[in-house]
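Computed from the coordinates by the stated procedures, all read-outs in this text should not be read as laboratory data. Bear in mind the structure is a predicted one, so any value in this text is a computation, not a measurement. Cβ placement follows ideal geometry from the backbone for every residue including glycine, while neighbour counts extend to all protein chains displayed.
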Amino acid sequence: MYTTGEAADICNLSQQTIIRCFDSGQLGGFRVPGSKFRRIPHPELVKFMQDNNIPLGGMDDGSIRVLVVDDDEKLLELFTDALAVTGRFDVATAQNGYDAGLMTSKFQPDVVVLDYMLPDINGTKVCERIRSDPDLTGIRILAISGVVNPAEIEQLRSAGADDFIKKPFNIDSVIERIIELARKR
């Protein structure tokens with residue numbers, strides 16, 4: 001959530017320009033009840049910046065938000081440890097599709113690393129739910145799985161996955177791909 005001043009700094013625009021865009025409906029958000037203050041949710045600012053060809057680099061505090069969704073605790077630990085070492089990532093985890101949905105809305109990750117086979121629903125359904133939520137536009141999805149069935153991989157891509165990596169994988173290669181996907185956000 002951003003104030004108009006914070007949004008102006010991020011976009012390298014004047015606060016008055018941000019206010020005019022907000023008031024005209026070009027920039028989504030809401031007014032704080034009982035005041036004249038405006039607040040701009042992260043996804044709305046990203047959409048505004050993309051629509052107006054404003055580089056997203058100003059949004060970074062230097063960290064990339066990554067949500068790792070997998071029911072394998074050891075794999076979650078591997079990702080959490082490997083990403084923490086670099087100091088470039090803010091990491092959250094979920095172990096099933098339901099929690100993935102909640103965490104995606106709450107955490108607003110740049111990239112979701114999503115296992116295809118979850119205990120409650122498959123990764124295709126998680127992709128579809130993320131892609132159907134207008135508040136989650138711009139989130140990149142990196143699907144991972146031991147499944148190599150081309151039809152299932154195509155289903156994932158059709159449902160909104162941006163990329164697919166087969167297990168087992170090299171963690172450094174996955175981290176590089178996360179960074180590439182985050183840059184496209």
With +1 at each Lys and Arg Cβ and -1 at each Asp and Glu Cβ, the charge dipole magnitude of the chain around its Cα centre, to the nearest 20 debye, comes out at 720 debye
Relative to the chain, whose Cα atoms define the longest principal axis, helix 150-159 and its Cα axis are tilted in degrees, nearest 10, by 10 degrees
With only helices counted (DSSP H, runs n ≥ 4, each -39500 (n - 2.57)), the per-residue ellipticity at 222 nm for the chain, to the nearest 500, works out to -14000 deg cm²/dmol
Here the percent of antiparallel bridges among DSSP beta bridges lying wholly in the chain, to the nearest 5, is 15 percent
Taking only the alpha-carbon atoms of the range 64-183, the convex hull volume per residue, in cubic angstrom, is 88 Å³
Length gained, Asp72-His42, 0.36 nm per residue minus C-alpha separation, equals 7.8 nm
Checked against the positive end of the charge dipole of the chain (+1 on Cβ of Lys and Arg, -1 on Cβ of Asp and Glu, about the Cα centre), the farthest of Ile175, Phe48, Gly101 is Phe48
Stretched fully, the stretch from Asn96 through Glu128 gains (0.36 nm per residue minus C-alpha distance, one decimal, in nm) 10.0 nm
Rounded to the nearest 10 degrees, the helix 171-183 long axis (Cα) sits at an angle to the longest Cα principal axis of the chain of 30 degrees
About its Cα centre, the range 4-59 carries a charge dipole, from +1 on Lys and Arg Cβ atoms and -1 on Asp and Glu Cβ atoms, whose size in debye to the nearest 20 is 220 debye
Sorting Val111, Ala7, Cys21 by the position of each Cα along the dipole of the chain (Lys, Arg +1; Asp, Glu -1; all at Cβ), the one nearest the positive end of that ordering is Cys21
Percent relative contact order for the chain, counting Cα pairs under 8 Å at least six residues apart, stands at 16 percent
Expressed in angstrom and ordered largest first, the alpha-carbon extents of the range 3-47 along the principal axes are 29, 20, 18
